[in-house]
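Q: Quick one: this structure, given as structure tokens, is what I'll be asking you about.
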Amino acid sequence: MNDAPVTADLALAPVTITPTKPLTPTHVKGLLWLDVIHKSTREIRPVTYVWNPRMSTLTAQTAAYWEFLDRAVGDVDWSACSESELGELYVRSNAAGVRPTGDSLQPYFERVEKEGWIHPASVRLIDLWKEQLDLLNVADPGLLDPAELTLTADDVLDVLREHQLTIDHRGIGGPVYLDGTIWGLPVRQIVDEEGVANYLVPVLRELIPIGARHQRVVLVYDQELMQDYILLDKVLTALGAAVTRLALGRVPIDGVVASSRHGGWEGKTLSDLADACLRHVDVRTYRLGMRIYFIAMLERGCAKSFQPELLRRSMVRAERILGETGDAEPDSGGPAFLRRLAVPDGGYVDPYRLTTALLDRRRRVPADLLTTVFG
């Protein structure tokens with residue numbers, strides 16, 4: 001497993017989004033940060049975008065949603081369902097607060113493992129995501145391309161056991177814990193009493209081989225997952241990977257940071273934002289304005305609530321920037337400019353510094369980047 005040659009590539013490895021709900025402002029922020037990191041960094045070094053849908057479909061959260069749909073809704077034409085209808089069903093599936101048994105989830109895990117299967121309701125959601133992301137010109141990282149995970153769950157547990165990083169109670173019908181006490185971190189359950197793994201196991205199945213093959217892995221994740229990702233960083237580092245972490249704060253709605261499983265995103269999904277913006281600006285302005293708002297205005301860890309007025313101002317700024325550049329001549333200075341904005345030891349271009357540079361009239365951002373990175 002660790003004998004593969006190490007490449008100079010940077011592996012950009014975000015936490016994946018479970019295909020169970022519409023894209024909320026928090027998701028939009030993460031996807032835009034990732035898109036700008038990917039497009040800008042690949043101008044100065046090779047980048048591998050690590051997005052395997054199996055990291056999110058081999059989770060109890062997703063399988064429980066699918067089990068609810070099959071049990072409570074039945075056989076419907078999912079391709080005719082709207083985004084809001086599917087999102088409301090996700091909220092309903094979580095309202096009872098009772099997770100299906102491991103036995104009822106197992107058939108879903110087996111289909112994902114054997115076939116790369118995705119429930120047609122989630123396929124419909126992902127198709128809607130893709131339409132919205134295409135309009136925003138966010139590159140598809142592989143939303144419907146589930147490759148087999150290199151390692152099995154047992155492989156991961158064996159590796160962790162070899163490095164004395166597990167507490168395994170399966171022999172007495174108990175759970176398995178990832179043991180981070182060597183680093184002063186608490187233990188973390190990764191397999192429950194019914195044998196159902198949490199999301200960290202498929203993530204490790206994908207990232208342990210990735211870490212062995214790439215010069216550096218950049219973990220991009222929701223700030224609410226900080227404790228898990230510190231532990232993930234420590235594990236991958238112990239296995240020989242070079243790791244950089246980038247935590248992004250969630251976007252509150254009306255002052256509240258809540259999981260999308262509770263709703264509250266109605267009227268503020270990516271499709272809603274696109275409809276509102278494109279009534280007033282063209283597509284090119286919309287794309288740049290969204291990046292200005294979600295990267296420069298909301299910043300990395302900003303706790304400001306989503307504000308439509310600030311989004312409108314970002315569209316005005318985008319229109320000004322595009323008007324000033326107009327038909328500017330191509331500029332060959334893009335790579336040199338981007339290297340100056342690279343994160344020390346992280347290897348990737350800082351999207352906040354790059355985006356805020358657009359707003360600084362004293363700094364000339366090479367016009368090519370408006371197309372290659374922000375277009």
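The values are calculated or read from the model by the stated rules, or taken from the named source; none is laboratory data. None of the values given here were measured: they were computed from a predicted structure. Cβ placement follows ideal geometry from the backbone for every residue including glycine, while neighbour counts extend to all protein chains displayed. Surface accessibility is based on the protein's heavy atoms, side chains included, excluding ligands, DNA and RNA. Shrake-Rupley method; radii C 1.70, N 1.55, O 1.52, S 1.80 Å.
Q: Just to confirm, what accessible area per residue do you get for the chain at 1.4 Å probe, in whole Å²?
A: Heavy-atom SASA per residue in the chain reads 44 Å².
Q: On a 0 to 90° scale, report how tilted helix 102-115 is relative to the longest principal axis of the chain, with both axes built from alpha carbons and the result rounded to the nearest 10.
A: Compared with the principal axis, the helix lies near 60 degrees.
Q: Net charge near HIS119, counting Lys/Arg +1 and Asp/Glu -1 over other residues with Cβ under 14 Å of its Cβ?
A: Counting the neighbours of HIS119, the net charge comes to -2.
Q: Please enumerate, by chain and number, the lysines with C-alpha under 16 Å from the C-alpha of LYS304, excluding those fewer than 8 residues away in the same chain.
A: LYS29, LYS268
Q: OK, next. Give me the net charge for the shell around ASP140: Cβ to Cβ below 12 angstrom, other residues only, Lys and Arg +1, Asp and Glu -1.
A: In short, -4.
Q: When the dipole is taken about the Cα centre of segment 15-141, and only Lys, Arg (+1) and Asp, Glu (-1) are charged at their Cβ, what size is it in debye, to the nearest 20?
A: 500 debye
Q: Say R0 is 30 Å: what FRET efficiency, to the nearest 0.05, do GLU224 and VAL343 get from their beta-carbon distance?
A: It comes out at approximately 0.85.
Q: Right, another one. Roughly how many nanometres apart are two label points built 7 Å out from the Cα toward the Cβ at VAL98 and ALA276?
A: Simple spin-label model gives 3.8 nm for this pair.
Q: Quick check: residue separation of THR181 and ALA147 times 0.36 nm, minus the Cα distance between them. What number comes out in nm? All intermediate terms of the calculation are to be shown ahead of the outcome.
A: Values: separation 34, 0.36 × 34 = 12.24 nm, distance 3.32 nm.
Full extension of this stretch gives 8.9 nm more.
Q: Please give the length that would be gained between GLU110 and LEU310 if that part of the chain were fully extended, namely 0.36 nm times their separation in residues minus their C-alpha to C-alpha distance (nm, one decimal).
A: Residue separation times 0.36 nm, minus the Cα-Cα distance, leaves 67.4 nm.
Q: In addition: Can you show me the helix-derived [θ] at 222 nm for the chain, built from DSSP H runs with n ≥ 4 at -39,500 (n - 2.57) apiece and divided by the number of residues, rounded to the nearest 500.
A: Roughly -13500 deg cm²/dmol at 222 nm, from the helical runs in the chain.
Q: About its Cα centre, how strong a charge dipole does the chain have in debye, to the nearest 20, once Lys and Arg get +1 and Asp and Glu get -1 at the Cβ?
A: It works out to roughly 1620 debye.
Q: Report, to the nearest 10°, how far helix 83-95 tilts away from the longest principal axis of the Cα atoms in the chain, using its own Cα long axis and a range of 0 to 90°.
A: Computed tilt is about 40 degrees.
Q: Here's another thing I want to ask about it. Against the longest alpha carbon principal axis of the chain, how many degrees, from 0 to 90 and to the nearest 10, is the axis of helix 120-136 turned?
A: 20 degrees
Q: Using the Karplus equation 6.51 cos²θ - 1.76 cosθ + 1.60 (θ = phi - 60°), what ³J(HN,Hα) coupling, rounded to whole Hz, does each residue of segment 214-222 give in order, writing x for Gly and Pro?
A: For segment 214-222, the Karplus-derived couplings read 10, 5, 8, 10, 9, 8, 10, 7, 5 Hz, x marking Gly and Pro.
Q: Between ILE118, ALA80, SER93, whose Cα lies farthest towards the positive end of the dipole of segment 1-143 when Lys and Arg beta carbons carry +1 and Asp and Glu beta carbons carry -1, centred on the Cα centre?
A: Going by the Cα projections, it comes out as SER93.
Q: Would you work out which of PRO186, THR237, VAL365 lies farthest towards the positive end of the dipole of the chain? Charges go on Cβ: Lys and Arg +1, Asp and Glu -1.
A: VAL365
Q: What's the FRET efficiency of ARG362 with THR237 using the Cβ-Cβ distance as r and R₀ = 41 Å, to the nearest 0.05?
A: The calculated FRET efficiency here is 0.55.
Q: Any lysines with Cα under 30 Å of the LYS114 Cα? List them, leaving off those in the same chain fewer than 8 positions away.
A: Of all the lysines, those that pass the test against LYS114 - Cα under 30 Å, at least 8 places apart if same chain - are LYS21, LYS130.
Q: Okay, moving on. Using packing as a proxy for protection, rank 85-93, 358-366 so that the peptide with the highest average count of other Cβ atoms within 10 Å comes first.
A: Most protected by this proxy first, the peptides run 85-93, 358-366.
Q: Can you work out the FRET efficiency for the pair ASP155 and THR372, with r the C-beta to C-beta distance and R0 = 35 Å, to the nearest 0.05? Each step should come with its number before you reach the end.
A: Working: r = 39 Å, r/R0 = 1.11.
Efficiency for this residue pair is about 0.35.
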